Amino acid sequence: MAMSADRLSSVSKEVKPESVSLYPLGTAAAPEQELLCIFGTGDLGRSLGQRLLHSGYKVVYGSRRPHSCGPLPQGAQAMSHEAAAQSASLVFLCIHREHYDFLEKLAPQLQGKVLVDVSNNLKKNLYPEANAECLQRLIPGAHVVKAFNTLSAWALQNGPSDANRQVYLCGNGAEAKQAVAEVATKLGFAALDKGSLSAAKELEDFPLQLFPEWRMPLCVAVGLTAFIFVYVVIRDVVYSYVEQGKDNSFRIMVSLANKVFPIVSLIMLSLCYLPGVIAGFIQLYRGTKYRRFPDWLDRWMLCRKQLGLVALGFAFLHMVYTLIIPIRYYVRFRLSAKTISQIRENQTSVFDTTMAWRSDSYYSMGILGFGLFLLLGITSLPSVSNALSWREFSFIQSKLGYLTVFFCTLHTYLYGWAGFLRSYKWHMPPAYMLALVLPSVLIVLKLLLLLPCVDRSLTRIRQGWERTDTQDGSEKPLLT
């Protein structure tokens, strides 16, 4: 029914202009953007500000020279430290510790505010106390939180990636840490609480560590490489010079290097899977999975991925060096010399079927082993492993991993062929025999764990079964 003119007039008089909503009916009013403050206009401060702006925050910079601090992210404004500190309840400090002095004058403006210390030092133990603890001492009325210092300016500007997804934070105030964690989550990072402000020293030392997870694998690789290199030099160069008067030193660059790389690769690949087998035997011996492994085994198991990737690098070098062998001067010279000698003596070589089978099998096992090795390396990348289910990842890294060890070991056995019974120089066995010890032991131990009775018992233990009854302490039979 149409509304009368008088009724329309009365309704229009009741509606005041200032009460008319700017948003369409049925939609909520746009939430007000939260204002955050950043002290520092360097690379880190600008990248952080740009990321905050893209995430829906308003950003104001505090600077000593607000009118000449250079270009800032679009949408941000600069003002004095005093004005910026008063405008926001959460302040990011992207400045070095040596510039903290001016903050004491701002103590009244920073009273009760959340101060996020993003600073790092140039080296460890540069100061007796952590930067965040120093900041808390300078401004006792503020709530200092150490966070975002483990991220680079590039990671802040471009967003989280597989290698920079965590934001570690610590502080004495639960509400302050929660506020910082909410900001980190909104930026797309995962916030990990490391406890009170006493953990700030650990967080500040974290970016100064150089490959902490790779340290042991790299030390093992360097040690093995040095030992095997010296071994093959003594056996193939020094022995020839002393006993035969031949100078084979030119072989160091390619031939001996191509002996060292596969040996180190196979040993490190075995070291990648050996701790899992040792852990299985320890669980069988104890009859439970609820007791911790020894510390040395824990550290060993935590660096298995790095051991495997370093081994893959050596295997790749072995493949490249093998491909260039036909174009080496030494090989071409020997082939041409042998061909000329056979022509002069009117001789022909007889085709050896056994040697053909051996060489083809040797190359085939090497190609299959290297192919599976590459598959292991690719699936260990976070971007690939995140796309796999746990069962798929376990199948590739465990089942195909042991198959890789088997193929690479068989490749080495075929390479040695009849050399196991000869070619001993100064009672030193060929270098490839050293590479076969650890993988052979690994394969035998793994086969023992795969025996039906042993595998069944180990599976029960890993599913929670214990050999000792916790109620009466009686022993239960394990191999049933």
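A short reminder: the numbers here are calculations on the coordinates, not readings from a lab. Quick caveat, the model's predicted, so the values are computed rather than measured. Cβ coordinates were reconstructed from backbone atoms using ideal geometry, including for glycine residues, and neighbour counts include every protein chain displayed.
Starting from the 7 Å offset along Cα-to-Cβ, what nm value, one decimal, do you get for the label separation of T459 and L302?
3.2 nm
Check the straight Cα-Cα distances from K146 and name the lysines below 22 Å, setting aside those fewer than 8 residues away within the same chain.
K58, K105, K113, K123, K124, K177, K186, K194, K201
For the stretch 410-473, run through the chymotrypsin sites (Phe, Trp or Tyr not before Pro) and keep only the ones in DSSP coil with at most 15 other Cβ atoms within 10 Å of their Cβ. Mind showing how you got there, number by number?
Values: sites: Y413, Y415, W417, F420, Y424, W426, Y432, W465; in loops: Y424, W426, W465.
In loop regions of the stretch 410-473 (DSSP not H, G, I, E or B), the sparsely surrounded chymotrypsin sites (Phe, Trp or Tyr not before Pro) are Y424, W426, W465.
Relative contact order of the stretch 378-448, please, whole-number percent, based on alpha carbon pairs below 8 angstrom and at least 6 residues apart.
25 percent
Restricting to Cα pairs below 8 Å that are 6+ residues apart, what does the relative contact order work out to for the stretch 212-462? Please round to a whole percent.
That works out to 28 percent.
Compute the distance in nm between two label points, each set 7 Å from the Cα along the Cα-to-Cβ direction, one at F351 and one at L374.
The answer from the label model is 3.1 nm.
Take the Cβ-Cβ distance between E175 and N125 as r, set R0 to 35 Å, and report the resulting FRET efficiency rounded to the nearest 0.05.
The formula returns an efficiency of 0.65 here.
Taking neighbour Cβ counts within 10 Å as the exposure measure, how do C219, C408, C272 sort from fewest upward?
Starting with the residue having the fewest Cβ neighbours, the order is C219, C408, C272.
Defining a contact as two alpha carbons under 8 Å apart and six or more residues distant in sequence, what relative contact order in percent does the chain show? Could you put the intermediate results ahead of the total?
Details: 578 pairs, mean separation 50.5, N = 480.
Once normalised by length, the contact order is 11 percent.
Nearest 0.05, what FRET efficiency do S423 and D205 give at R0 = 45 Å with Cβ-Cβ as r?
E(calc), rounded to 0.05, equals 0.30.
If one computes the Cα centroid of the stretch 289-323 and of the stretch 187-226, what distance in Å separates the two points?
Using only Cα atoms to place each centre, the spacing works out to 18 Å.
Viscosity 1.306 mPa s, temperature 10 °C: Stokes-Einstein D of the stretch 373-423 from its Kirkwood Cα radius, in µm² per second?
Calculated translational D: 126 µm²/s.
Suppose the chain between E98 and R286 were pulled fully straight at 0.36 nm per residue; how much longer would it get relative to their current alpha carbon spacing?
Value of the extension gain: 62.2 nm.
Report, in deg cm²/dmol and to the nearest 500, the calculated mean residue ellipticity at 222 nm for the chain, where each DSSP H run with n ≥ 4 adds -39500 (n - 2.57) and the sum is divided by the residue count.
My calculation for the chain gives -16000 deg cm²/dmol from helical runs alone.
Output the antiparallel fraction of DSSP beta bridges having both residues in the chain, as a percent to the nearest 5.
Here the share of antiparallel DSSP bridges comes out near 20 percent.
Lysines within cross-link reach of K446: Cα-Cα under 26 Å, excluding same-chain residues under 8 positions apart?
Straight-distance partners of K446: K289, K305, K399, K476.
Between S341 and V242, what length in nm is gained on full extension when 0.36 nm per residue of separation is reduced by their alpha carbon distance?
The S341-V242 span can extend by a further 32.8 nm.
Angle, helix 353-379 long axis vs. longest principal axis of the chain, Cα atoms, 0 to 90°, nearest 10?
10 degrees
Based on other C-beta atoms within 10 Å, arrange S270, S349, S255 from fewest to most. Write down the numbers at each step before the final one.
Values: S270 24, S349 7, S255 18.
Result, fewest neighbours first: S349, S255, S270.
Which trypsin sites (Lys or Arg not before Pro) does the stretch 282-312 hold that lie in a coil by DSSP with at most 10 other beta carbons within 10 Å? Could the numbers behind the result be given before it?
Working: sites: R286, K289, R291, R292, R299, R304, K305; in loops: K289, R291, R292.
Of the trypsin sites (Lys or Arg not before Pro), the ones in loops of the stretch 282-312 whose Cβ has at most 10 other Cβ atoms within 10 Å are R291, R292.
What FRET efficiency comes out for Q111 versus S398 if R0 is 60 angstrom and r is the Cβ-Cβ distance? Round to the nearest 0.05.
0.55
Is the stretch 35-208 best put as rounded, prolate or oblate by its Cα gyration tensor, with a ≥ b ≥ c the root eigenvalues, rounded for a/c under 1.5, and otherwise prolate when a/b is larger than b/c, oblate when not?
Note, shape of the stretch 35-208 comes out rounded.
When Lys and Arg each count +1 and Asp and Glu each count -1, what net charge do the other residues less than 13 Å away from Y273, Cβ to Cβ, add up to?
Residues near Y273 contribute +4 overall.
DSSP loop trypsin sites (Lys or Arg not before Pro) in the stretch 84-141 with at most 11 other Cβ atoms within 10 Å of their Cβ, which ones?
Loop-located and lightly packed - K123, K124.
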